[in-house]
Amino acid sequence: MLAVLGCSSHSSVSNTRPLTIYTPQHRLLAQLEVDGTITDSVARVVTHYDAKAQSMSLLGATLDVAQSVHVTGPRELDLQIGPLEPWHVSVTSSNEIEVNDHLLGRVEGLDVSAAGMFRLGILLCVVPVISPPTPLIDAALPIDADLRPPPPPPPIPRTQQLR
């Protein structure tokens, strides 16, 4: 099944420097490079945004940047990603990102113009589909490592229990 998600277009997308979102714990969450490449916390390429095509591939779906990123002010935008709850995004003067009045993290490299906020909206489109960063202690584990604790051992049969 192919889902089509939307984000609105903007005539001029400023891309003079990378745009980076960090978690409240100061760990990298996602980055939009100057060339349109979007990477996650472990520098894995998530997608590539092409401003001329106004779309990007995301989890096998086409994310059309013509419907859901709406810049509503110098530090505000509304974002609607497919069936997800709408996001009202605001960026404080200290560059903290709040989504629906909840702290998402911090942004670096933001140009507070309409084009810069639109670019932030593009990057935020991928946040719901990327895994949150793992603690540094887990950085050496393979990406697909199972981080759950092992199951408990089976119970000892009654005949073998100590009396």
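The values are calculated or read from the model by the stated rules, or taken from the named source; none is laboratory data. All figures in this text were calculated on a predicted structure; none of them were measured in a lab. Glycine gets a Cβ as well: all are built from the backbone with ideal geometry, and neighbour counts include every protein chain shown. Keep in mind that these areas ignore ligands, DNA and RNA; they rest on the heavy atoms of the full protein, side chains included. Shrake-Rupley method; radii C 1.70, N 1.55, O 1.52, S 1.80 Å.
Between amide H atoms placed 1.01 Å from N, distances below 5 Å from L104 occur with I97, E98, V99, all of them 5 or more places distant or on a separate chain. Placing +1 on the Cβ of every Lys and Arg and -1 on the Cβ of every Asp and Glu, with no other charges, gives the range 24-107 a dipole of roughly 200 debye about its Cα centre. Solvent-accessible surface of protein heavy atoms, probed at 1.4 angstrom with all chains present, puts L77, L59, L104 in the order L59, L104, L77, largest first. In this structure the amide hydrogen of D50, modeled in the peptide plane, comes within under 5 Å of the amide hydrogens of S55, none closer than 5 places in sequence on its chain.
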